[in-house]
Amino acid sequence: MKALKELRHGGVKSVFLRDQAVKLIKGAILRGEIPPGEVISNEQLSAWLGISRTPIREALLELQRGGMVIIHRGKGTEVARLSRKDVVEIFETREALEVKSCELMIERMGDGSIKGLESILEKQARDASRGEELGFLEGDHQFHLLLAKGSGNGRLYNAVEAMRDQCMLLGTYALRQENRMSEVLGEHREIVEALRRRDPSAARDAVIAHLRRSCNDVLIQFPGSSGGQDDNVWDGRENGEAGAGVL
């Protein structure tokens, strides 16, 4: 709870109160300062941020749409708790969307598409060297979103964007694995190289290997890991890996 009080630092005074509240609350959740299952009230957040409850309420509605919180009418807002089954389903969905994104991107991409991906990787490398996990996670989302944009399919792009908050939340677990940021950069580069060669088979394999490795890294860290029937870890045998499939 102490960390929540620090959310008000810097003051939220602009006309973009809702957007700033979203950013601050989301950042606290991603840093683990508001843990899964924690219930917070609009009054608490209003006091911590120093603004009225209306923009707080709007911010929480946006975060609920992204799957990061659950609003319990009259009982406060709970930081979402995802099951291991949820984790696997999110990655299965990502795999279907992103493999198709790469296939379509190879068919449709222009000359600037690869440069855009490389620019994101350069920023991620800087964030990794500084240990800036939130910046790295934002770059990760932008990387995968650019793949979807390159597909030229607006509905596919919107589907990837809709998973933004949950993917970033799970990414915080994946990055707890030692050297994971460096590994993610390498996996991203393999995807880019396959796209540069316009090799759909290599791009597919690189995306699947990347997502399944990340999924396993999340599940290893995920609360409630018990080896029970919900432990739906992909065995990865199709790609010669020892694990399943956020970054």
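The values are calculated or read from the model by the stated rules, or taken from the named source; none is laboratory data. Since the structure is predicted, the reported quantities are computational estimates derived from the model, not experimental observations. Because the Cβ atoms are built from the backbone with ideal geometry, glycine has one as well, and the counts that use them run over all protein chains shown.
Against the conditions (1) of a type in the set (A, V, I, L, M); (2) surrounded by fewer than 19 Cβ atoms within 10 Å (Cβ to Cβ); (3) at pLDDT below 95, where does residue 79 fall short? Just the number, please.
Condition (2) is where residue 79 drops out.
For the stretch 147-155, does any single residue satisfy the condition of being part of a helix (DSSP H, G or I), touching a Cys at 6+ places or on another chain (Cβ under 7 Å) and either of a type outside the set (Asp, Glu) or buried (at least 19 other Cβ atoms within 10 Å of the Cβ) (or both)?
yes
Per-residue answers, yes or no, for (1) buried (at least 22 other Cβ atoms within 10 Å of the Cβ); (2) outside the structural domain of residue 16 (by TED's automatic domain parsing); (3) among the polar types (S, T, N, Q); (4) more than 16 Å from the chain's Cα centre (by Cα):
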{"residue": "52", "(1), (2), (3), (4)": "no, no, yes, yes"}
{"residue": "55", "(1), (2), (3), (4)": "no, no, no, yes"}
{"residue": "59", "(1), (2), (3), (4)": "yes, no, no, yes"}
{"residue": "70", "(1), (2), (3), (4)": "no, no, no, yes"}
{"residue": "73", "(1), (2), (3), (4)": "no, no, no, yes"}
{"residue": "88", "(1), (2), (3), (4)": "no, yes, no, no"}
{"residue": "101", "(1), (2), (3), (4)": "yes, yes, yes, yes"}
{"residue": "106", "(1), (2), (3), (4)": "no, yes, no, yes"}
